[in-house]
Amino acid sequence: MFKLYKTLIHTALLCEAQPFINHFKLRKDTLKQKKYNIYTNDTIILIVSGVGKYNTTLALNFIYDNFIIKRSINIGICGCLDENIPIGTLFCTNKKLLDIKYNKLSTYDEVITSKSNIKTNLVDMEGSYFYDISLKFIRNSNILIFKVVSDYLSSKRPSKDFVSNLITKSLNKLEYYI
């Protein structure tokens, strides 16, 4: 069977994925399995893994075992230490790109609400795991991690609509890289 090379979009939450599902007219893939929310078209495969290391690891291993991926992109929200950076600011955290701001990211296994002992401006719960797993399957130059600032280390989970709107506002800039 002929397999197309695809661009992988990985999100932790469905509300992070919904803008891409709508924009690229992705269809839910129910043929391969029922454990993950997977959406696809001819050139893109999107997986919603759930939050954290465990969920990210399992979901990505499933994708890389079952699809041929040419580019791998993680997109999601992040907390920010610097309150001078506006909510909704888009960053690439693993490469300096011409049209998108760059900032370093730290990944933690739990929600971070304190600035102590954090060495970067941005924090999330999937980014470094995504990078480490993807690097086993594809070249570094084809891995991108994008984060949109959603809060300033708040313990309160942002609403699904709020997250979806933040991602939607960054979609035009992200589309070039997908």
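No value in this document is a laboratory result; all are computed from the given coordinates. This is a predicted model, so every value here is computed, not measured. We place every Cβ from the backbone using ideal geometry, glycine too, and count neighbours over all the protein chains shown.
Working note: Cα atoms of the chain, range along each principal axis, descending, whole Å: 52, 33, 30.
With a cut-off of 14 Å between beta carbons, the residues surrounding HIS23 carry a summed charge of +2, where Lys and Arg count +1 and Asp and Glu -1. Here the chain is treated with +1 on each Lys and Arg Cβ and -1 on each Asp and Glu Cβ, and its dipole about the Cα centre works out to around 440 debye. Checking the cross-link pairs LYS6/LYS35; LYS6/LYS28; LYS25/LYS96; LYS96/LYS169; LYS115/LYS136; LYS101/LYS156 against a 24 Å limit on the alpha carbon distance flags LYS25/LYS96; LYS115/LYS136; LYS101/LYS156 as lying beyond it. With helices as the sole contributors, the chain gives -9000 deg cm²/dmol at 222 nm; each DSSP H run of n ≥ 4 counts as -39500 (n - 2.57), and the sum is divided by every residue. Comparing VAL111, CYS78, SER128 along the charge dipole axis of segment 71-162, the residue lying farthest to the positive side is SER128, per the Cβ-charge model.
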